[in-house]
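> Take a look at the following structure, please.
The values are calculated or read from the model by the stated rules, or taken from the named source; none is laboratory data. Worth saying up front: this structure is predicted, and the values here are computed from it rather than measured. Neighbour counts are summed over all protein chains in view; Cβ atoms, including those assigned to glycine, are modelled from backbone coordinates with ideal geometry. Only protein heavy atoms, including side chains, enter the accessible area calculation; ligands, DNA and RNA are left aside. Shrake-Rupley method; radii C 1.70, N 1.55, O 1.52, S 1.80 Å.
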Amino acid sequence: MKRQLVCVAAIFAASPFFAALQDQPNWHTATLRAQELAPGQSASPVRLRFDVASIKECKDTEHPPPAIASPGTLSLGCWPLWRLIADAYETFAAGRVDPLNPLVPLPLEGAPAWINSARYSVDAKTESPQSGAMMRGPMMQALLEDRFQLKTHRETREISAYIMTVAKGGAKLHRTEEGSCNHVDPTDLTQSLKVMPGGKPWCLTPTTVRDGPLVVFDVHGMTLDVFSKLLRPDGRPVIDRTGLTGAFDIHLEWEPAAPNSSTPDAGAASDPSPHTSAVIATREQLGLRLDPGRGAREFLVIDHI
């Protein structure tokens, strides 16, 4: 069967099994998170601000200018406002990133619907050289709070979810070998993810193809905690309780079910989800169960914008 490469963001959007990662220039950077801060610790000892900054609503989204982040200069063309917020308060919140500890940005709550469609171009300069992570994190926070009067807080709630555990018979996973994939630089906005023939794949960068009726998902060097955050069967998040640590190369194939149909299966009789084919594939191919349950999840709440 002929394989066709499909845009990862488009597949995630089309399949509720995966969390949508839409409208993100170099979307892979959104999966890379700033290192954790201790409770009450500020993102930066001094609240740095841009010396000069322009942020304008962008109407022409067909040909946005290239993104630039050199020491002291930041230029982002026609980026969704939600993405600017997610980067500033999650991905680069501490002004640095840990490329080995990726995470899908926290879900936003309390935000008006227009932040998903509104796009803005940002051009800013700093008085002294600053890293891309510092400009897109703490300094962007200050800019958004100044120009949009943005106010946020974080909260953790118990919600309906799927609990991921190791299935009977054990996990069927392949650990990532040291040096088998190349690491992405999360601060490089110009980095191409094209894999040269015979070259190593990129770590932490999922690829998805259509192979006839199947969706085929591959990723290298990903922990199960991060993998669980990409899963979204029945629109519900997945919480990793496998207890397995370390990085894995994950290969998963499933046939998407029709949106309004169910997939009969004795092992999933209690699951009314129309996407049980993906849940079953996870169990059979990876040795990981996804069972309905409840668990805690953190949210970034928009109080005012």
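> Among the numbered criteria (1) part of a strand (DSSP E or B); (2) at pLDDT 95 or above, which one does Gln149 miss?
The single condition Gln149 does not satisfy is (1).
For every residue, the table says whether it meets (1) under 18 Å from Tyr89 (Cβ atoms); (2) of a type in the set (Gly, Ala, Ser).
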residue	(1), (2)
Pro107	yes, no
Ala113	no, yes
Ser117	no, yes
Asp123	no, no
Asp146	yes, no
Leu150	yes, no
Glu158	no, no
Tyr162	no, no
Thr165	no, no
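> Is there a residue being surrounded by fewer than 20 Cβ atoms within 10 Å (Cβ to Cβ), small (Gly, Ala, Ser) and modelled with pLDDT of 85 or more anywhere in region 176-188?
yes
> Taking interchain pairs and intrachain pairs at least six residues apart, which have beta carbon atoms under 6 angstrom, with the first residue in region 281-294 and closer than 13 Å to Leu173 by Cβ and the second open to solvent by 50 Å² or more (accessible area, probe 1.4 Å) and of a type in the set (Lys, Arg)?
Arg283/Arg289; Leu286/Lys172; Gly287/Lys172
> Taking strands (runs of 3 or more DSSP E) that fall entirely within region 205-305, which contain at least 1 residues that are open to solvent by 20 Å² or more (accessible area, probe 1.4 Å), farther than 25 Å from Pro105 by Cβ and at pLDDT 90 or above?
Passing ranges, in order: 248-254, 288-304.
> Six or more apart or on different chains, Cβ under 8 Å: which pairs go from a residue in region 142-158 that's under 18 Å from Leu108 (Cβ atoms) to one that's among the basic types (Lys, Arg) and open to solvent by less than 80 Å² (accessible area, probe 1.4 Å)? Could you list them?
Within 8 Å, the pairs are Thr156/Arg297; Arg157/Arg297.
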